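Student: Sharing a structure, written as structure tokens. Questions coming.
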Amino acid sequence: MTGAPIPRIRTHHQQKRHVTGEHRHDQAPAALDCRIPPSVGPAAPGRGKAAPMTAAPDVGELPAGEGTGANGLEVVGLSAAALSAVAAAVEASVADNTRMAYTSDWTRFQSWCAAEGQLSLPADPLVVAAYLVAASSVLKADGTFAYAPATVTRWCSSINNRHNAAGFDAPGRSEVVRRTLAGIRKTRATPPRRVRPLRLVDVHTIVTALRDKADSPQAPFAAKVFERRNSAVLLLLLFGALRSDELTRLQIGDVTQETQSLHLAIRRSKTDQQATGQVRGLPWRANHWICPLCAHTRWREVIDAADTDGHAGVLRLLRGSASFSGHVCAPDLPAAGDPLRPLIRALTPAGRVTDQVLTGTGMYRMIRTTAAAAGFPDHIVAQLGAHSPRAGMVTGALEAGAHPLEIIRHTGHSSVTAMDPYYRDTPLVGSAITRLDLPATP
């Protein structure tokens, strides 16, 4: 049979385990060996030099033909272009935020190893354990621990990920690292930090403060633009139960305004990495002050004017617009000139609409700033974040008697068990204690 050679892919570690019969976790060791092998520590007098180790070369640097490919793989018959295509596919399998976290975590570990004179790749399990203990012991100025156990666990996962990608055994799977993490979780156990929900009444308070400021005769022009943008963000996050990244990815063409509802095409989400997609419906509300359709219409007018006539167009729009005294939503919005334009934009301090998307960090700051301006106490503001409106939608729906299945159908949660954390804000919902009572005393 003739044709292209069939590629053979194997790692040196796989070859070793095949020859010696070694396996990763066939049996747990009776006692932990806590000695750092000479091969992973710095060279010492009389010991000889540690074997040099480097990260696997970039696939783009490999010549065509036989050689060592990405991730430490021995490859026969694959070109550099084929290896690059494989690397691109592997990279696309991981969400952007996860990939950035892995990169940041790995850089942190490399810096620690360099300071301690240890190898980062491959890293001895005891070196990883020492790193995790050191990291978990860092204190803030107020004497509290700087990093939660969940953060330390993620760092270990990032180290494992880099080792797996390079063809090495993941040190985090060793018994010493597993027990170290268990000890850190036990001694540093703290409740997870969760944002405070912003319920509908809270969002109403914030948008009312925004509009009162924008309607003031002394209000600067920028206040009117920020009011329309921020009101739209808050009401879309709440009624759409949107994560901040879902809102940042929305384009004008993803939104369809009907007579009684607003339809958002969520093309990708945290629980939908394969981009199956979901259409999320936002209902018309009788109170125009909190109607998401009105909020969308008023913001669309601003960005359409900015995209058509620039800042001068926005000035003409806002100077000629009537006060917001009733519903302005209608299904006959003008067609978007470019449906691929981002819906939620960043603004300059002067209120100019930019081409940049408002980031999740920008939403987080906006929510805290507007809540403080609306009179929320400082200790409440400190608990708010971009996830607060979504959490408010879930807790509000639970309080209103909605079934968890109804909620996850709208929110896109992966399962009903994902609702469990939200019951902390609604402890009486579904609780048997509500059935315990006595008749009122005459």
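The values are calculated or read from the model by the stated rules, or taken from the named source; none is laboratory data. Here the structure is a predicted model, which means the values were calculated and not measured. All Cβ positions, glycine included, derive from the backbone under ideal geometry; neighbour counts span all protein chains shown.
Student: Does any residue of region 422-442 turn out to be at pLDDT 80 or above and on the phi > 0 side of the Ramachandran plot?
Tutor: Checked region 422-442: no residue is at pLDDT 80 or above and on the phi > 0 side of the Ramachandran plot.
Student: Looking for something surrounded by fewer than 16 Cβ atoms within 10 Å (Cβ to Cβ) and among the small types (Gly, Ala, Ser) - is there at least one such residue anywhere in region 246-254?
Tutor: yes
Student: Only one of (1) more than 25 Å from the chain's Cα centre (by Cα); (2) surrounded by 17 or more Cβ atoms within 10 Å (Cβ to Cβ) is not met by Ser431, so which one is it?
Tutor: Ser431 satisfies all of (1) more than 25 Å from the chain's Cα centre (by Cα); (2) surrounded by 17 or more Cβ atoms within 10 Å (Cβ to Cβ) except (2).
Student: OK, next. Looking only at region 98-137, which residues are within 19 Å of Gly183 (Cβ to Cβ), of a type in the set (Ser, Thr, Tyr) and part of a helix (DSSP H, G or I)?
Tutor: Tyr131, Ser136
Student: If I filter region 350-363 for residues that are assigned to a helix (DSSP H, G or I) and charged (D, E, K, R), do I get at least one hit?
Tutor: Looking through region 350-363, none of the residues is assigned to a helix (DSSP H, G or I) and charged (D, E, K, R).
Student: So, one more: Return a yes/no flag: does region 92-108 have any residue that is at pLDDT 80 or above and touching a strand residue (DSSP E or B) at 6+ places or on another chain (Cβ under 8 Å).
Tutor: Taking every residue of region 92-108 in turn, none turns out to be at pLDDT 80 or above and touching a strand residue (DSSP E or B) at 6+ places or on another chain (Cβ under 8 Å).
Student: Does Gly396 count as crowded, with 18+ Cβ neighbours inside 10 Å, at pLDDT below 95 and assigned to a helix (DSSP H, G or I)?
Tutor: yes
Student: Restricting the search to region 405-419, which residues are under 15 Å from Arg243 (Cα atoms) and small (Gly, Ala, Ser)?
Tutor: The answer is Gly412, Ser414, Ala418.
Student: A follow-up question, please. Of these, Leu235, Leu262, Leu242, Leu282, which one is closer than 17 Å to Glu301 by Cβ and not in a helix (DSSP H, G or I)?
Tutor: Every option except Leu262 fails the conditions.
Student: In region 179-222, how many residues are more than 27 Å from Tyr131 (Cα to Cα) and either assigned to a helix (DSSP H, G or I) or free of Cβ contacts under 8 Å to residues at least 12 places away in the same chain (or both)?
Tutor: Number of matching residues: 22.
Student: Scan region 324-346 and tell me whether some residue there is under 25 Å from Gly277 (Cβ atoms) and among the acidic types (Asp, Glu).
Tutor: Checked against the condition, which is being under 25 Å from Gly277 (Cβ atoms) and among the acidic types (Asp, Glu), region 324-346 yields at least one hit.
Student: Out of region 175-203, which residues are β-branched (Val, Ile, Thr), within 23 Å of the chain's Cα centre (by Cα) and farther than 29 Å from Asn160 by Cα?
Tutor: Within region 175-203, Val195, Val203 meet the criteria.
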